[in-house]
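Enquirer: Submitted below is the structure of interest, expressed as structure tokens.
The values are calculated or read from the model by the stated rules, or taken from the named source; none is laboratory data. Keep in mind it's a predicted model, so treat the numbers as computed, not measured. No Cβ is skipped: glycine too gets one built from the backbone with ideal geometry, and neighbour counts run over all protein chains shown.
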Amino acid sequence: MPVVNAAVEQWLMDQVSRGSKMESIVATMTQAGFGQDDALALARGAAAAHAAKNLRANGVNGVEATHGAYQYDPAPVATGNVIHAYDRDVQVLMRCERPQVVVFGDLLSADECAELIERARPRLKRSTTVNPQNGKEDIILDRTSEGMHFGLCEDAFIERVDRRIAGLMNWPVENGEGLQILHYNTAAEYRPHFDYFPPQQTGSASHTARSGQRVATLVVYLNDVPAGGETYFPTAGISVAGKQGGAAYFRYMNAQRQLDPLSLHGGAPVLAGEKWIMTKWMREHAYV
Ligand code: PD2
Ligand code: ZN
């Protein structure tokens, strides 16, 4: 592999700070003689360093980080290596305390994953994000997936999945937003963001007024991604490579209503094949 000297490091930082796509950085590096894995690791490292630098300097979307002040009270997820969630035993594969992340295996069967994908496929539309100023839904380059929402408990199958997930997250099923299915083609990604509504942003008010703040997320992996597509936490330095039927839980609001800046996370670019996930966002109050 070519030497990673100060010039290469500077080039990497220039690329990520001007928003170059991960795959174009990797392509340039492989042409220059780097191996694919080394190039990807270096590009990811530069992206994480850039995100962490921005977070320290500005917060994300102009929200000041409260790093250090967040109090980690116990997450509601049950203890133990196997959790009985409504109608299924779910395996606990990994727990992290700061930020609060739990990785699960075998939440859904392969048939359930396939059924969710097939039900979602005809209803997919380009994904949006909340505009920080006006709270409306915008299409932006930071989020290049397509998605759809099921209504909460919209039929018997979805209700079983909603109840299993609520059991696993140990949070009332009524407080859950409808399940969202997301589809990423090769190269699609969701750059680092918070799932909570930043309180200082004017666009957040209309969302939190309805059902309160978001408190925790479950990302469920509906297929095995051949390369890339991990759920990563750049400030915390955690990366979860999803396995079909497994899930990653993360909690970002504690009982004092503080929000955890370490929960900054993204969906890494898909480097080969496609990625299907399902997300559940839990609110403070019943979702209306
Ligand atoms: O695609 C993902 O892995 C991912 C990661 C983090 C999706 C989301 N967040 C999200 O939809 O909020
Ligand atoms: Zn997210």
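Enquirer: For the structure I just gave you, tell me whether GLN180 is in contact with a strand residue (DSSP E or B) (Cβ under 6 Å, 6 or more places away or on another chain) and surrounded by fewer than 21 Cβ atoms within 10 Å (Cβ to Cβ).
Expert: Against the criterion (in contact with a strand residue (DSSP E or B) (Cβ under 6 Å, 6 or more places away or on another chain) and surrounded by fewer than 21 Cβ atoms within 10 Å (Cβ to Cβ)), GLN180 qualifies.
Enquirer: Among the residues of region 269-284, how many are in a loop (DSSP other than H, G, I, E, B) and surrounded by fewer than 18 Cβ atoms within 10 Å (Cβ to Cβ)? Walk me through it before giving the result.
Expert: To start, the set of residues in region 269-284 that are in a loop (DSSP other than H, G, I, E, B) comprises 269, 273-274, 284.
Narrowing the set further to residues that are surrounded by fewer than 18 Cβ atoms within 10 Å (Cβ to Cβ) leaves 273-274, 284.
Final tally of qualifying residues: 3.
Enquirer: Just to check your reading of the model, which residue among ARG160, ARG143, ARG214, ARG164 is basic (Lys, Arg), in contact with a Phe, Trp or Tyr (Cβ under 8 Å, 6 or more places away or on another chain), within 16 Å of ligand 2 (Cβ to nearest atom) and at pLDDT 95 or above? Lay out the reasoning, then the answer.
Expert: Values: ARG160 fails: within 16 Å of ligand 2 (Cβ to nearest atom); ARG143 fails: at pLDDT 95 or above; ARG164 fails: within 16 Å of ligand 2 (Cβ to nearest atom).
From the options ARG160, ARG143, ARG214, ARG164, the qualifying one is ARG214.
Enquirer: Continuing with this model, one more query. Is one or more of the residues making up region 199-213 within 29 Å of ILE83 (Cα to Cα), free of Cβ contacts under 8 Å to residues at least 60 places away in the same chain, of a type in the set (A, V, I, L, M, F, W, C) and not in a loop (DSSP other than H, G, I, E, B)?
Expert: Of all residues in region 199-213, those within 29 Å of ILE83 (Cα to Cα) come to 211-213.
Pick out the ones that are also free of Cβ contacts under 8 Å to residues at least 60 places away in the same chain and you get none.
Looking for residues that are within 29 Å of ILE83 (Cα to Cα), free of Cβ contacts under 8 Å to residues at least 60 places away in the same chain, of a type in the set (A, V, I, L, M, F, W, C) and not in a loop (DSSP other than H, G, I, E, B), one finds none in region 199-213, hence no.
Enquirer: Working carefully through the options LEU222, LEU182, find the one that is out of contact with any Phe, Trp or Tyr (no Cβ under 6 Å at 6 or more places or on another chain) and not polar (S, T, N, Q).
Expert: LEU182
Enquirer: Identify, please: which residue in region 238-270 is in contact with a helix residue (DSSP H, G or I) (Cβ under 9 Å, 6 or more places away or on another chain) and within 19 Å of GLY147 (Cα to Cα) and is, among those, nearest to ligand 2 (Cβ to nearest atom)?
Expert: Result: GLY266.
Enquirer: Of the residues that make up region 145-153, is at least one touching a strand residue (DSSP E or B) at 6+ places or on another chain (Cβ under 7 Å), surrounded by 17 or more Cβ atoms within 10 Å (Cβ to Cβ) and under 29 Å from TYR72 (Cα atoms)?
Expert: So far as region 145-153 goes, no, none of its residues is touching a strand residue (DSSP E or B) at 6+ places or on another chain (Cβ under 7 Å), surrounded by 17 or more Cβ atoms within 10 Å (Cβ to Cβ) and under 29 Å from TYR72 (Cα atoms).
Enquirer: Scan region 142-176 residue by residue and report those that are outside any helix (DSSP H, G or I), free of Cβ contacts under 8 Å to residues at least 60 places away in the same chain and not aliphatic (A, V, I, L, M).
Expert: Residues of region 142-176 that are outside any helix (DSSP H, G or I), as a first pass: 142-155, 170-172, 176.
Now narrow it down to the ones that are free of Cβ contacts under 8 Å to residues at least 60 places away in the same chain: 142-144, 146-151, 153-155.
Answer for region 142-176, where residues must be outside any helix (DSSP H, G or I), free of Cβ contacts under 8 Å to residues at least 60 places away in the same chain and not aliphatic (A, V, I, L, M): ASP142, ARG143, THR144, GLU146, GLY147, HIS149, PHE150, GLY151, CYS153, GLU154, ASP155.
Enquirer: Any chance region 187-198 includes a residue that's touching a residue at least 60 places away in the same chain (Cβ under 8 Å), of a type in the set (Gly, Ala, Ser) and more than 15 Å from ligand 1 (Cβ to nearest atom)?
Expert: Applying the first criterion (touching a residue at least 60 places away in the same chain (Cβ under 8 Å)) to region 187-198 yields 187-198.
Now narrow it down to the ones that are of a type in the set (Gly, Ala, Ser): 187-188.
Then keep just the ones that are more than 15 Å from ligand 1 (Cβ to nearest atom); that gives none.
Scanning region 187-198, I find no residue that is touching a residue at least 60 places away in the same chain (Cβ under 8 Å), of a type in the set (Gly, Ala, Ser) and more than 15 Å from ligand 1 (Cβ to nearest atom), so the answer is no.
Enquirer: Taking the criterion of being within 18 Å of the chain's Cα centre (by Cα), on the phi > 0 side of the Ramachandran plot and not β-branched (Val, Ile, Thr), would at least one residue in region 168-190 satisfy it? Let's see the steps before the verdict.
Expert: Taking region 168-190 as the starting set, the residues that turn out to be within 18 Å of the chain's Cα centre (by Cα) are 168-169, 176-190.
When the remaining residues are screened for being on the phi > 0 side of the Ramachandran plot, the result is 187.
Next, only the ones that are not β-branched (Val, Ile, Thr) stay: 187.
The answer is yes, given that some residue of region 168-190 is within 18 Å of the chain's Cα centre (by Cα), on the phi > 0 side of the Ramachandran plot and not β-branched (Val, Ile, Thr).
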